[in-house]
1. Over 20 Å intervals from 0, what percent of Cα-Cα pairs in the chain sits in each interval?
2. Pop a pseudo-label 7 angstrom from the Cα along the beta-carbon direction at both ILE96 and LEU187 and give the gap in nm to one decimal.
3. Quick check for me: using +1 on Lys/Arg Cβ and -1 on Asp/Glu Cβ, what's the dipole size of region 5-307 about its Cα centre, in debye to the nearest 20?
4. Using a cut-off of 13 Å between beta-carbons, work out the net charge of the residues near GLU292 (Lys and Arg +1, Asp and Glu -1, GLU292 not included).
5. Would region 1-58 count as rounded, prolate or oblate if I go by the C-alpha gyration tensor, calling it rounded below 1.5 in a/c and otherwise prolate when a/b exceeds b/c, oblate otherwise?
6. So how far apart, in nm, are the two label points at LEU250 and ASN205 if each is 7 Å from Cα heading toward Cβ?
7. Roughly speaking, what is the centre-to-centre gap between region 72-95 and region 1-33 when only Cα atoms are used, to the nearest Å?
8. Using only DSSP helix segments of four residues or longer, with each worth -39500 (n - 2.57), what per-residue ellipticity at 222 nm results for the chain after dividing by its residue count and rounding to 500?
Amino acid sequence: MISSLEDKLMKFLNLYWLRPENGLLMAFKSENIETMKFESPSLDLSCGDGMFMFTHLGGTFSDQFDYFKSTSADKFSHDSTIDIYDSFDPDYSPEIISHPKVKIDYGTDWKQNLLDKASKLNIHDKLILHDNNDKLPFSDNFFKTVYSNSVYWVDNIDLILSELHRTLHPDGQIFLQIMTPYHIETLDKLDKLFSKEAIDILDRNRRKSYMSLKKYEEWVELFTKSGFKIKEIRNSYPNEFILDLWNVGLRPIAHLLIQMSDALSSEKYLEIKKHWVDIFYKLFKPLLYSPETYKFEKSPYLLFVLEK
Ligand SMILES: C[S@@+](CC[C@H](N)C(=O)[O-])C[C@H]1O[C@@H](n2cnc3c(N)ncnc32)[C@H](O)[C@@H]1O
């Protein structure tokens, strides 16, 4: 596993270079679960395209590869937002320099295109198409380790939590990274300053699609009600400025940046990407050491370690 937060920042900036603010958050998210060990049988619930987990586990991509390969960026417009990453080109082939040593038994997601991308990374033994609004296709007391950073994307949070409880082995552990409404507080603050049109461009439908954002005390209540013991809670990001950066960031023009990047020769791509990543690395590195200002009650994103 990668050791220092600075190395993580560099790796995640390389991967998410056109959305550097995402690279910064991913570095913190990865550091936040550094002590998590995948004991078999293990599950990465809503694993998506697998790139975050691949990088977290210490895998390395070639500089020629990034998160923005195989998208439908050219079909995006701010009037009819689509998930531009929900796309899979049959020629998609991430160039891998080194594979992580760890493997996870199961990965699930409700988007087949993302599972197809994840299958190229070979970090999950089995990839299963599954909507978290339905019961999990696993037996009782099965998993020793479960990780998810996506349980809040459901209509019915009680169902997924009771399913996670049902399928957890009595000696198992679940690591859930969850959002609270404070994660998108920047948008609420900007509501007062910006026009509706400008806010819609910044929001890009996020406030509508994050269905089950709960405050810290609500998460504690939900986990307890579902039968879990809370073993540990950790803040994921040190302070508010990082979230303000992320809430604005390059998201509004990401679809255009992707198309520009796609149009570059591979030499020019490498040259621009290197300068780009170096600049954002210098800009963001000091933020890795910002003092922690959040109390759990006001935290935008938390890691909960749960047991049965
Ligand atoms: C923020 S992404 C995280 C993906 C991945 N875990 C990662 O860290 O890159 C959220 C993921 O949740 C998945 N998702 C959203 N709603 C879902 C649902 N109802 N059932 C299963 N997966 C869902 C999305 O397809 C997406 O892959």
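1. Answer for the chain: a P(r) of 32, 62, 6 percent.
2. The modelled label-to-label distance comes out at 3.4 nm.
3. Working: 37 positive and 47 negative charges, 87 e Å.
It comes to approximately 420 debye.
4. Values: positive: ARG234, LYS295, LYS298; negative: GLU31, GLU240.
It works out to a net charge of +1.
5. Numbers: a/c = 2.41, a/b = 1.48, b/c = 1.63.
Oblate, since a/c reaches 1.5 and b/c is not below a/b.
6. In this crude spin-label approximation the distance works out to 2.3 nm.
7. 22
8. So the helix-based figure for the chain works out to -10500 deg cm²/dmol.
Computed from the coordinates by the stated procedures, all read-outs in this text should not be read as laboratory data. If you're wondering where the values come from, they're calculated on a predicted model, not measured in any experiment. Note that we place each Cβ from the backbone using ideal geometry, even for glycine, and neighbour counts take in every protein chain shown.
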